[in-house]
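Asks: Take a look at this one; I'll ask things after.
Every number here is computed from the coordinates shown, using simple stated rules; none is lab data. Remember, it's a predicted structure, so these values are computed and weren't measured experimentally. Here the Cβ is made from the backbone with ideal geometry for all residues, glycine too, and neighbour counts use every protein chain on show.
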Amino acid sequence: MRLLIMGPQGVGKGTQAALLSKHYGIPAISTGDIFRYNLKNQTPLGKEAQAYIDKGELVPDELTNKIVKDRLAMDDTANGWILDGYPRNASQVEALDVMLKELGTPLDAVVALTAEHDVLMERMMKRAQLEGRSDDNPETIAKRLDVYAKETAPLLDTYKTRGLLHEFDGSGDIDQIQATIVSELGE
Ligand code: ADP
């Protein structure tokens with residue numbers, strides 16, 4: 001099973017990706033988590049990405065595409081994967097298309113989660129208190145939601161046209177949402 005999970009900040013992508021990962025026995029790959037790991041450890045990649053992340057901007061495509069390409073080449077991806085937080089703009093969609101073509105592993109489905117703006121803001125504020133992520137402050141959150149609306153949301157149409165899009169309401173109960181996704185995608 002090869003999946004993308006898409007949706008705005010705070011919609012619960014990471015939570016559902018972790019559950020899908022467990023259900024299907026495939027790794028959940030989050031570009032945000034990879035960047036945060038590198039930031040924490042102050043690797044060269046982390047240092048390069050820091051300024052963009054702190055501002056709520058996208059890290060340059062060249063850097064991001066490379067980490068995804070390297071990650072998809074690892075052994076644990078043989079049975080599939082879930083990509084969370086990638087692709088985020090049209091050029092990343094193209095880069096992913098090329099990678100998957102080279103690997104001979106086409107995408108099976110795109111899981112898109114939706115929720116009202118107020119729900120998203122409330123969850124993000126709560127997460128900011130709980131996790132203390134440096135990019136979870138009102139200014140950066142607003143910027144990230146803006147980038148999402150302008151650059152990422154239009155990609156849903158791209159995948160809809162390809163017949164891969166499955167949309168779900170992300171504002172309900174976590175386990176219920178998961179059950180609905182699995183019943184639509186298949187056991
Ligand atoms: P959120 O979805 O809450 O904004 P993420 O954890 O997915 O958080 O990403 C955090 C930050 O990492 C983003 O604001 C961005 O700077 C960077 N990032 C993550 N994924 C990508 C990507 N596909 N392309 C460019 N930058 C990315």
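Asks: As an exercise, use a Förster radius of 30 Å and the Cβ-Cβ distance of Thr161 and Asp54 to find the FRET efficiency, rounded to the nearest 0.05.
Replies: Efficiency for this residue pair is about 0.30.
Asks: Could you tell me the calculated FRET efficiency between Thr43 and Glu151, based on Cβ-Cβ distance and R0 = 22 angstrom, to the nearest 0.05?
Replies: 0.30
Asks: Moving on. Note the per residue figure in Å³ for the convex hull of the C-alpha positions in the chain.
Replies: 117
Asks: Across the chain, how many lysine pairs, 8 or more positions apart or on different chains, have C-alpha atoms separated by under 16 Å? Please give the number.
Replies: The result is 7.
Asks: If I stretch the segment between Ala179 and Ala73 completely, what's the gain in nm (0.36 nm per residue apart, minus their alpha carbon distance), one decimal?
Replies: 35.2 nm
Asks: Could you check the simple spin-label distance between Leu63 and Glu131, using points 7 Å along Cα→Cβ, in nm with one decimal?
Replies: Here the modelled spin labels are 1.9 nm apart.
Asks: Further question on the same structure: Where the centroid of each part is defined by its Cα atoms, how far is the stretch 1-63 from the stretch 96-122 in Å?
Replies: Centre-to-centre distance over Cα atoms comes out at 12 Å.
Asks: Binned at 10 Å from 0, what are the whole-percent values of the Cα-Cα distance distribution for the stretch 32-82, short to long?
Replies: Whole-percent P(r) values from 0 Å outward: 24, 50, 23, 3.
Asks: Moving to a separate point now. Per the Cauchy relation, a quarter of the hull surface: what is the mean projected area of the convex hull of the alpha carbons in the stretch 98-160, in nm²?
Replies: With every direction weighted equally, the projected area is 6.0 nm².
Asks: So what does log10 I(q)/I(0) come out to for the stretch 25-126 at q = 0.13, 0.22, 0.25 Å⁻¹, using the Debye formula with one equal point on every Cα and no solvent?
Replies: The computed values of log10 I(q)/I(0) come out as -0.55, -1.29, -1.41.
Asks: How far apart, in nanometres, would the label points at Ala142 and Glu102 be if each is projected 7 angstrom from Cα along the Cα-to-Cβ direction?
Replies: Taking the simple label geometry, Ala142 and Glu102 are separated by 4.0 nm.
Asks: Local charge sum around Arg36 (other residues, Cβ-Cβ under 11 Å, Lys/Arg +1, Asp/Glu -1)?
Replies: Neighbour charge sum, excluding Arg36 itself: -1.
Asks: Compare the peptides 131-139, 19-27 by average per-residue count of other Cβ atoms within 10 angstrom and give them in order, highest first.
Replies: The most tightly packed comes first, giving 19-27, 131-139.
Asks: Over the stretch 1-73, one equal point on each Cα, no solvent: what is log10 I(q)/I(0) by the Debye formula at q = 0.17, 0.21, 0.23, 0.26 Å⁻¹?
Replies: Result of the Debye calculation: -0.73, -1.04, -1.17, -1.28.
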